[in-house]
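Since the structure comes first, as structure tokens, the remarks are kept for the end.
The values are calculated or read from the model by the stated rules, or taken from the named source; none is laboratory data. For clarity, every value in this text was computed on a predicted model and none was experimentally measured. Cβ atoms come from the backbone with ideal geometry, glycine included; neighbour counts cover every protein chain shown. Protein only, heavy atoms only, side chains kept; ligands, DNA and RNA dropped before computing areas. Shrake-Rupley method; radii C 1.70, N 1.55, O 1.52, S 1.80 Å.
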Amino acid sequence: MTRLDLTRSPRALALLRSRWPQFLLRAITLAGFIFTILAGLMGSVVGSHNFAIIFVWIAWWTALKLAFIPFGGRSWCSICPIPMPGEWLQNGGILQPRGSMGIGLGKRWPKVLRGTWIQAGGFLLIGLFGALTLTSAKITAIVLLFILVLALALSLVFERRSFCNYLCPIGGFSGLYAQAGPVELRVKDTDICAAHIEKTCYTACPWGQYPLALKSSANCGLCMECLRVCPSENIAVNLRPWGSDLGPKTKHRIDEAFLGLVMLASALVDSAIFLGPWGQLKSAAYNIGSPDWFLFAGAFLITALGILPGLYVGATWAANRFGSTNASLRKSLAHYSQVLVPLGLMVWIAFTISFAFVKFGYVLPVVTDPLGWGWNLLGLTKSAGVGETTSFSLVLQVAMLTVGLFWSSRVALRISETIRQAAPLIAFSSLFTMAMLWLLVG
Amino acid sequence: MPMESLPYKTTPTNWKRWAWVIPYAGLALLILFIPLPLPFHAPQDRLLRIEASSFQFTPGEIQINPGDRVTIELVSTDVVHGFSLDAYGFELKADPGQTATGTFIADQAGVFRFRCSVACGNLHPFMIGKLQIGPNLLFFRGIALGLLAISAALISVRNVSRGTT
Amino acid sequence: MKKERIARWIVIILVLTAIGVPLGSWWLSRAQGTQIEIHARMPENGGWSIDTIQAKVGQPIHLRLTSDDVVHGFALGKSDMESWLSIFPGEYVETTLVFEHPGKYIFYCTRWCGLNHWRMHGEIIVTGEGDPIPGDSLPLFLQYNIDIDAPHYAENIPSSPPSVERGSRFSDRLPNYAIDKQTYFLTSPEGLWLKLRSEPSLSDLSDMDIWDIVRWIWDRQNSSNSQSLGFKLFMALASAAHGESGRGDGVMARGLPVMDHSNMGSGLVRPPDFTDPHVLLSASPAILEGKIIRGGMGTGMPSWGSILSRDQIHSIIDYLYTIAWESIK
């Protein structure tokens, strides 16, 4: 497969090798993160006038889904500030490679808690409380603060980026869809690594990955630490065709299927709540603790844990029967989870176009008055218009859903022996795409 | 060791494998944009009384025909709300007890969201209703595109399996 | 290690800036403190964030108003509609108030913000030298000891719409009391009709002629300016409860039980139907004034005596009668 190795350009290599560009970006995002927390706590309670709401849920959340992931895989993780304070302590310095200089117990993450299960659970929680979190600056700030403190605390107990690897819902989201992304970090020449005894790259990796064994971009946070410590300049940062981690031979775990299904369910439910014309559903999702909310939560959980997994298991079971090999259902569930990756990615992109394009007008007013205290720092307009969905945005949403169906069907076909075997998975994707089509443009 | 310039390729792309993309893209554009005749309904005057409360419109889903002369009566039942119809630039604002009325001609077909245009609380940005004017062609175009996408996937994989992968 | 130290300083400075900007400006705005910042919230969420303001005679107070949830309004009790302010969520509006007289002033919300909108008011307590706020005259129902809670329902109403123009033809035949202001205030249209009907000098006139006269008298007593101001006030303050046409079916009240005298005082009830001529033609301006000033005693009708000026109340009464006259078919 075609790859374009960025490290072959001396300029790009210098940029990636130096700790400074990435450090500066992370220092800025850290300051921004802390400012966001303060803005959420101290600023206007009116969401459209609070930096925390608009920058987290409109600007950043949109940028993640429309730019960082589709064009850079886990590129957000490489500049995410959340692990920064913990790593300062872990590494005994902020510009240091991983080493034994710092403090922390450095325990290994318990085996039973590995995988993306907790991340998927976290994403479900975001969905269950989403209507409140998305609209309340204070709750948003508290969630961000909680995440920052949790990451710091965990980094003192456990080794490396345990929080990112096993807990962060956004890490799970980015990791899952990074498999479809066009960026990967791989070794150039496996023989060089095999002959290298110290494994400095593994020691340096905050994610606990060994680059030689890296087959999927899901777990690599693109932090470039291995590239910096490799004595042989044997690490490549490749631009690659989209979807390169998805194919007949790649390895996948069953928790990826669960994570993928939770993401699909979240996209479905978020579309229904935030874009649909059903006011009672909105109120039910918002009034946490009310009887209506329990109904909503039940319906959400049944969709995420019952209906969608049921359909997926059914489709996989049928695919399994149509196949010649007698793979176990569990194995097939993991294998076909790849179909959920492009489907989910494109569905989230379509949802984001529908959701965020209307609300971009809110961004400038909070730039000029981030706390909603009546400032006008940049002399811009102080209140946003209503916003509207344009016909361009609608066509774009349909196009994204179409690409998603094409892509997931293609993956289904590529990882199946026959068309017949892929058909149930394609039917699953079609059904889901149609549901989204109805929610977004119906 | 690093080479001096980009790009660097390990294997050349076999572009012929992707030749089918061109007719398919053309077909996709055709499905998306080809003008379709709409069933004709004699335009009529419609009076729509829409009640706005936090955070919903009642009725929230409305169907009318293209060409209809629509009069909206916006009645707010709890706090000040607005009504802004996508693509039409049509807006009303109403205090409780003061019905706002406005008229427009439904000269664009499709499904349009209408949204509250006066901040009315936390869920205000999501206070949305749906006005369908004529059949929802985009939805049907979307379904046709979906079928096209599946057939494109079949073709792309068939061609791939003949190739080197 | 030098680079490491630079990096640490960069992080520390950036983070301190991120913390310092909001904290610092919050502290600065506290320290300057020439303005009083008031947040308006729905009464369920706390109402006015400050509901008692202290002021001194002649010393201006600067208010900075914003809303935390929905559109609210701000007005001083008995102020003109032109001075009412709208407060939009997340936006700020400023106003400066100066008081000439010591005493207690009311401020209240002028834009409906839910069922409890009418609870949303606060006080400005002005101290200092000067004459006290000129008080309103004693309400008519107290001056004349009228029971404003007595049931009233007109037994006589016109059979067709009365006409001011026809009524004016008989103006020179009327007894003096008929066009007296005091008679107007203390007599319901039906009452005046009965009185005139029993006048021997008018015995040649038909019932309808008398109604035309009453209609003409009512028209004489109030100007069209006053009626249109009354209409504006009614729409802004009352129509959400009383209905835009006065039918008693306003959006806030339409689900409530219909008022009858068995459920008076037992909770919120629907306002009366002003488009039923039996209702208002049996009420004198004094009764209506009393009800508006005092409020509904548990029916949900607020007490408007300190919120509206006497002139504003009379404008509303003038407008109400036009509803009654115009709904006669």
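So if I check each of A:Pro365, A:Pro370, which one is within 14 Å of chain C (Cβ to nearest Cβ), open to solvent by less than 50 Å² (accessible area, probe 1.4 Å) and out of contact with any Lys or Arg (no Cβ under 9 Å at 6 or more places or on another chain)?
A:Pro370
Any residue at all in the range C:42-64 that is open to solvent by 70 Å² or more (accessible area, probe 1.4 Å), outside any strand (DSSP E or B), of a type in the set (Val, Ile, Thr) and touching a strand residue (DSSP E or B) at 6+ places or on another chain (Cβ under 9 Å)?
So far as the range C:42-64 goes, no, none of its residues is open to solvent by 70 Å² or more (accessible area, probe 1.4 Å), outside any strand (DSSP E or B), of a type in the set (Val, Ile, Thr) and touching a strand residue (DSSP E or B) at 6+ places or on another chain (Cβ under 9 Å).
Can you name the helices (runs of 4 or more DSSP H) wholly within the range A:54-163 that have at least 2 residues being in contact with a strand residue (DSSP E or B) (Cβ under 7 Å, 6 or more places away or on another chain) and not acidic (Asp, Glu)?
none
Is it the case, given these coordinates, that A:Ala131 is more than 30 Å from A:His252 (Cβ to Cβ) and either of a type outside the set (S, T, N, Q) or touching a His at 6+ places or on another chain (Cβ under 7 Å) (or both)?
yes
What is the one condition in (1) at pLDDT 90 or above; (2) more than 8 Å from chain A (Cβ to nearest Cβ) that B:Pro125 does not satisfy?
For B:Pro125, the exception is condition (2).
Is it true that A:Ala218 is at pLDDT 90 or above, farther than 24 Å from A:Arg17 by Cβ, open to solvent by 10 Å² or more (accessible area, probe 1.4 Å) and within 17 Å of the chain's Cα centre (by Cα)?
Against the criterion (at pLDDT 90 or above, farther than 24 Å from A:Arg17 by Cβ, open to solvent by 10 Å² or more (accessible area, probe 1.4 Å) and within 17 Å of the chain's Cα centre (by Cα)), A:Ala218 qualifies.
As an exercise: evaluate C:Ile124 against (1) away from chain A (no Cβ under 14 Å); (2) at pLDDT below 95 and give the number of the one condition it does not meet.
Of (1) away from chain A (no Cβ under 14 Å); (2) at pLDDT below 95, only one is false for C:Ile124: (2).
Please go through the range B:40-62 and give me each residue that is in a loop (DSSP other than H, G, I, E, B) and open to solvent by 20 Å² or more (accessible area, probe 1.4 Å), ordered by number.
Scanning the range B:40-62 gives B:Phe40, B:His41, B:Ala42, B:Pro43, B:Gln44, B:Ser54, B:Phe55, B:Pro59.
Restrict the check to the range A:1-17 and report whether at least one residue is within 14 Å of chain C (Cβ to nearest Cβ) and either open to solvent by less than 30 Å² (accessible area, probe 1.4 Å) or under 25 Å from C:Thr17 (Cα atoms) (or both).
no
List every residue pair whose Cβ atoms lie under 6 Å apart, where the two residues are 6 or more positions apart in sequence or sit on different chains, the first residue falls within the range A:71-83 and is assigned by TED's automatic domain parsing to the domain that holds A:Glu159, and the second residue, located anywhere, is at pLDDT 95 or above and of a type in the set (Phe, Trp, Tyr).
Close Cβ pairs satisfying both conditions: A:Ser75/A:Phe68; A:Trp76/A:Phe68; A:Pro81/A:Phe33.
Name the strands (runs of 3 or more DSSP E) wholly inside the range B:88-138 in which the number of residues that are more than 27 Å from A:Ala284 (Cβ to Cβ) and open to solvent by 10 Å² or more (accessible area, probe 1.4 Å) is 2 or more.
Once the strands (runs of 3 or more DSSP E) in the range B:88-138 are filtered for at least 2 residues that are more than 27 Å from A:Ala284 (Cβ to Cβ) and open to solvent by 10 Å² or more (accessible area, probe 1.4 Å), what remains is B:90-94, B:100-105.
Any residue in the range A:399-418 that is open to solvent by 50 Å² or more (accessible area, probe 1.4 Å), at pLDDT below 90 and more than 7 Å from chain B (Cβ to nearest Cβ)?
Yes, there is a match, as at least one residue in the range A:399-418 is open to solvent by 50 Å² or more (accessible area, probe 1.4 Å), at pLDDT below 90 and more than 7 Å from chain B (Cβ to nearest Cβ).
Looking at the range A:223-240, is at least one residue free of Cβ contacts under 8 Å to residues at least 40 places away in the same chain, of a type outside the set (Val, Ile, Thr) and exposed (fewer than 15 other Cβ atoms within 10 Å of the Cβ)?
Within the range A:223-240 (the criterion being free of Cβ contacts under 8 Å to residues at least 40 places away in the same chain, of a type outside the set (Val, Ile, Thr) and exposed (fewer than 15 other Cβ atoms within 10 Å of the Cβ)), the answer is yes, since at least one residue qualifies.
Regarding the range A:50-61, can at least one residue be identified that is within 14 Å of chain C (Cβ to nearest Cβ), within 21 Å of A:Val143 (Cβ to Cβ) and of a type in the set (Gly, Ala, Ser)?
yes
Please specify each residue of the range B:63-80 satisfying the condition of being more than 9 Å from every other protein chain (Cβ to nearest Cβ), open to solvent by less than 20 Å² (accessible area, probe 1.4 Å) and either within 19 Å of C:Ala238 (Cα to Cα) or in a strand (DSSP E or B) (or both).
Correct list: B:Ile64, B:Val70, B:Ile72, B:Leu74.
Counting only residues that are closer than 24 Å to A:Thr389 by Cα and among the hydroxyl-bearing types (Ser, Thr, Tyr), how many does the range A:258-307 have?
Residues that pass the stated criteria total 4.
Would you check which residues across the range A:189-203 are surrounded by 19 or more Cβ atoms within 10 Å (Cβ to Cβ) and within 27 Å of the chain's Cα centre (by Cα) and list them?
The one that is surrounded by 19 or more Cβ atoms within 10 Å (Cβ to Cβ) and within 27 Å of the chain's Cα centre (by Cα): A:Cys201.
If you check A:Ser244, A:Ser174, which single one turns out to be small (Gly, Ala, Ser) and assigned to a loop (DSSP other than H, G, I, E, B)?
A:Ser244
Among the residues in the range A:374-388, are any facing chain B (nearest Cβ under 8 Å) and not in a loop (DSSP other than H, G, I, E, B)?
No: zero hits.
Looking only at the range A:258-276, which residues are of a type in the set (A, V, I, L, M) and out of contact with any Pro (no Cβ under 8 Å at 6 or more places or on another chain)?
Selection gives A:Leu259, A:Val262, A:Met263, A:Leu264, A:Ala265, A:Ala267, A:Leu268, A:Val269, A:Ala272, A:Ile273, A:Leu275.
On the basis of being under 20 Å from A:Phe123 (Cβ atoms) and at pLDDT 90 or above, does A:Val229 make the cut?
No, not satisfied.
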